[in-house]
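Data block below; observations after.
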Amino acid sequence: MSQFNAYAPPMMWGAWVRIDSHIGPRTYNISYEALGDTLVMGRVRYFKGSDGGTQVIEEFRDSTTITTSNSAANVEVSFKGVPTGSPVQGMFS
């Protein structure tokens, strides 16, 4: 498992954080937790689909599993705090 840190600003999506780069299809299990006392929503941006795929953004809460396309690309996450902001600690494998 690898770790990442991010920030979930209040009521808006934070900056994209690159958690990994890949070549070819790969499955990722991504999870996170807020270090503050607030609800945090997550989203992941990656290439999905056949061949090189299409870049997609998918929202998730607490954890998600994704499988990338057969491409060379980054996997990125961003977070939003509701109603207040919070640091976020995450893990992926």
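The values are calculated or read from the model by the stated rules, or taken from the named source; none is laboratory data. Here the structure is a predicted model, which means the values were calculated and not measured. Glycine gets a Cβ as well: all are built from the backbone with ideal geometry, and neighbour counts include every protein chain shown.
Odds and ends about this structure:
- Scanning the stretch 76-91 for residues that are surrounded by fewer than 18 Cβ atoms within 10 Å (Cβ to Cβ), over 20 Å from MET1 (Cα atoms) and not polar (S, T, N, Q) yields VAL82, PRO83.
- Residues of the stretch 49-69 that are over 14 Å from the mean Cα position of the chain (by Cα) and loosely packed, with under 15 Cβ neighbours inside 10 Å: GLY49, SER50, ASP51, GLY52, THR54.
- The stretch 8-41 - residue that is in contact with a Gly (Cβ under 8 Å, 6 or more places away or on another chain) and not hydrophobic (A, V, I, L, M, F, W, C) and, of those, farthest from LYS80 (Cα to Cα): SER31
- Test result for ARG26, in contact with a strand residue (DSSP E or B) (Cβ under 9 Å, 6 or more places away or on another chain) and either exposed (fewer than 14 other Cβ atoms within 10 Å of the Cβ) or without any contact (Cβ under 8 Å) to a residue 12 or more places away in the chain (or both): no
- The stretch 57-70, residues that are of a type outside the set (Asp, Glu) and either assigned to a strand (DSSP E or B) or at pLDDT below 95 (or both): ILE57, PHE60, SER63, THR64, THR65, ILE66, THR67
- Meets criteria (surrounded by 17 or more Cβ atoms within 10 Å (Cβ to Cβ), among the hydrophobic types (A, V, I, L, M, F, W, C), under 12 Å from GLN89 (Cα atoms) and at pLDDT 95 or above) for ALA73: no
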